[in-house]
Amino acid sequence: MRHSSPLLLVIAIAIAGALASGGAATAAPTDKSAAICKALEDREAPAADRPTPAQIRSLKDCDSEALYYGEKGPPDFTRARLCAFQDDDGSAAGVFSGPTILMQLYANGLGGVKRDLDLATAYACAIDGAPAEIEYRVQHLQALKTKTEPKRFDYCDDITSGLAGGFCAARDATIANKARSAQTAALEARIPAAAKPAWAALRKASAGFVDAHGGEVDESGTARAQMVIDEEEATRNAFTAQVAGLLDRRWPVSVTAADFDAADQALNAAYEKAMAHLASKDNVTTVKPDDSRRAQRAWIVYRDAFMAFAPLAVPDTAAKAVAARLTQERTKALADLAE
């Protein structure tokens, strides 16, 4: 897959874990889907749908996944089709290439091709996966011959394994990041010039906390990649919402000393409880004290950066009011970790 390196790392860890635990990255389909696949094994795309020699020369380093899902710009289904045929030789890495993109194009009749559910099914048969996934996907495509669905058919419709869930979560995160980047740019345009250096520091601190907080997710089982990615995405979305709330003046602008002290004491108690639990024999997760300690340090940097930024962005906001709000949110996360 063509994603940022942190996502690639998470997926790679998930694959290694699945193989080490005896789970295979590939598996044979069931008898029913195997019979369908056997009947369609000679099905091929029309020559007119394939790229010409001139088009092939223009497709160097193309990314069929990004083109299909519009990860770097508007979706371009036609170019995604041409690029996917280049990937169809099996040389492209990642599940969202070659057969997967062609399966989706023919299933949905996109990219200048006629909808062909049998051809889409033939491509589905070429995609490795858990037996149940192959079975559901093949039968899903065949069922579309007699029924319609309100949404486009997608590879992720029929996943059953944690490994595939990780691939789909990474794909969704890439798409979500595009929308979030636009939202962040709109927020940044509202930030006063005097606050821009503090804003840059805050964004760096936020990214550091997202990365460290990912280590507080239990990575047991093959769904580990999906769980980490989902939590990291939730943290990124929370940050965007926090900044929007601040700029929209929906945050309290002041806090009493007693309220601030109470929030700080609650945080310390939750942190100590979480650390004690993670160090105990009752902790059956992969999260260890060092993981939470690292995340807490990153969170403190993030909190302090937000405290420095907020009064510059919204001058009547007290830094301690910001600290109290962020502290309450972190306290809840630590309480969940201890449980």
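Each reported figure results from applying straightforward, stated rules to the coordinates on display, with no laboratory input. These numbers come from a predicted model, not from an experiment. Note that we place each Cβ from the backbone using ideal geometry, even for glycine, and neighbour counts take in every protein chain shown.
Brief remarks on what is shown
- As a proxy for reagent exposure, Asp248, Asp63 were ordered by neighbouring Cβ count within 10 angstrom, fewest first; the result is Asp248, Asp63.
- For segment 146-240: rounded, prolate or oblate by the Cα gyration tensor [a/c cutoff 1.5]: oblate
- 222 nm mean residue ellipticity, helices alone, for the chain (DSSP H n ≥ 4; -39,500 (n - 2.57); rounded to 500): -21000 deg cm²/dmol
- 24 Å Cα-Cα reach of Lys151 towards lysines, excluding residues that sit fewer than 8 places from it in its own chain: Lys72, Lys114, Lys178
- Spin-label model, Arg43/Thr285: points 7 Å from Cα along the beta carbon direction are separated by 4.4 nm.
- Shape analysis of segment 183-339 places it in the oblate category; the axes a ≥ b ≥ c from the Cα gyration tensor give an a/c of at least 1.5, with a/b not above b/c.
- Amide N of segment 197-238 lying under 11 Å from the label point, which is placed 7 angstrom from the Cα of Arg294 along Cα→Cβ: 211-217
- Inter-label distance, Ala238 to Thr148: 4.3 nm, where each label sits 7 Å from its Cα along the C-beta direction.
- Proximal charge balance of Thr160 [Cβ under 12 Å; K/R count +1, D/E count -1]: -3
- Distance from the C-alpha centroid of segment 229-252 to that of segment 29-91: 38 Å, rounded to the whole angstrom.
- Summing charges over all other residues whose Cβ lies under 15 Å from the Cβ of Ile36, with Lys and Arg as +1 and Asp and Glu as -1, gives -3.
- Order of His140, His213 - criterion: other Cβ atoms within 10 Å of each residue's Cβ, fewest first: His140, His213
- Gaussian network model of the chain, springs between alpha carbon atoms under 10 Å - residue of Thr78, Thr174, Thr52 with greatest fluctuation: Thr52
- The loop-placed chymotrypsin sites (Phe, Trp or Tyr not before Pro) in segment 243-339, going by DSSP, include none that has at most 13 neighbouring Cβ atoms within 10 Å of its Cβ.
- In this Cβ point-charge picture (+1 for Lys and Arg, -1 for Asp and Glu), the chain has a dipole of about 960 debye about its Cα centre.
- Between 0 and 90°, nearest 10: helix 319-338 axis offset from the chain longest Cα axis: 60 degrees
- Percent RCO, i.e. relative contact order, over the chain, from Cα pairs under 8 Å lying at least 6 residues apart: 17 percent
- The calculated FRET efficiency for Ala257 paired with Ser220, based on their beta-carbon distance and R0 = 56 Å, is about 0.85.
- Short-range pairs are left out: with C-alpha atoms under 8 Å and at least six residues apart, the relative contact order of segment 190-338 is 39 percent.
- Look at the Cα gyration tensor of segment 213-293: its axes a ≥ b ≥ c give a/c of at least 1.5 with a/b at or below b/c, and that counts as oblate.
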